């Protein structure tokens, strides 16, 4: 099933920078935040966009996905990469 355009940039501009700012630039932080962000953020944005009214721009879903993904993933990375 083809979904058309998919917002794959979301984890790279939200989750990864937030994780690096919170926990440093180690390879574990970068890889885990990129992988977890890629698994959660684009599908979440796509699902939110499908629920938006037709008169609302789809970018609203992308921004909501950025916020939700960052709030969920950054603390999880803190637990996974605990020293």
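What's the angle, to the nearest 10 degrees (0 to 90), between helix 27-51's Cα axis and the longest principal axis of the chain?
The helix 27-51 is inclined about 20 degrees to the chain.
Cut-off 10 angstrom, C-alpha nodes, Gaussian network model of the chain. Which of 30, 66, 56 fluctuates the most?
Highest fluctuation of the listed residues: 56.
Between the helical axis of 59-80 and the dominant principal axis of the chain, each derived from Cα atoms, what acute angle in degrees is found, rounded to the nearest 10?
20 degrees
Can you sort 60, 10 from fewest to most other Cβ atoms within 10 Å of each residue's own Cβ?
On the way: 60 14, 10 24.
Ascending number of Cβ neighbours within 10 Å: 60, 10.
Modelled label-to-label distance, residue 72 and residue 60, 7 Å Cα→beta-carbon offset: nm?
Using points 7 Å along Cα→Cβ, the separation is 2.0 nm.
Going by average Cβ density within 10 Å per residue, which order do the peptides 34-40, 47-53 take, highest to lowest? Let's see the in-between values first.
Values: 34-40: 18.0, 47-53: 12.0.
Sorting 34-40, 47-53 by mean packing, highest first, produces 34-40, 47-53.
Could you tell me whether the chain comes out rounded, prolate or oblate from its Cα gyration tensor? Rule is a ≥ b ≥ c as square roots of the eigenvalues, rounded for a/c under 1.5, then prolate if a/b exceeds b/c, otherwise oblate.
Values: a/c = 2.81, a/b = 2.27, b/c = 1.24.
It comes out prolate by the Cα gyration axes.
Please state the relative contact order of region 10-80 as a whole percent: Cα pairs under 8 Å, 6+ residues apart? List each step's numbers first, then the result.
On the way: 74 pairs, mean separation 30.4, N = 71.
For region 10-80, the relative contact order is 43 percent.
Here, each number is a calculation from the coordinates, and none is a lab measurement. Quick caveat: nothing in here was measured; it's all calculated off a predicted structure. A quick note on method: Cβ atoms are made from the backbone with ideal geometry, for glycine too, and the neighbour counts reach across all protein chains shown.
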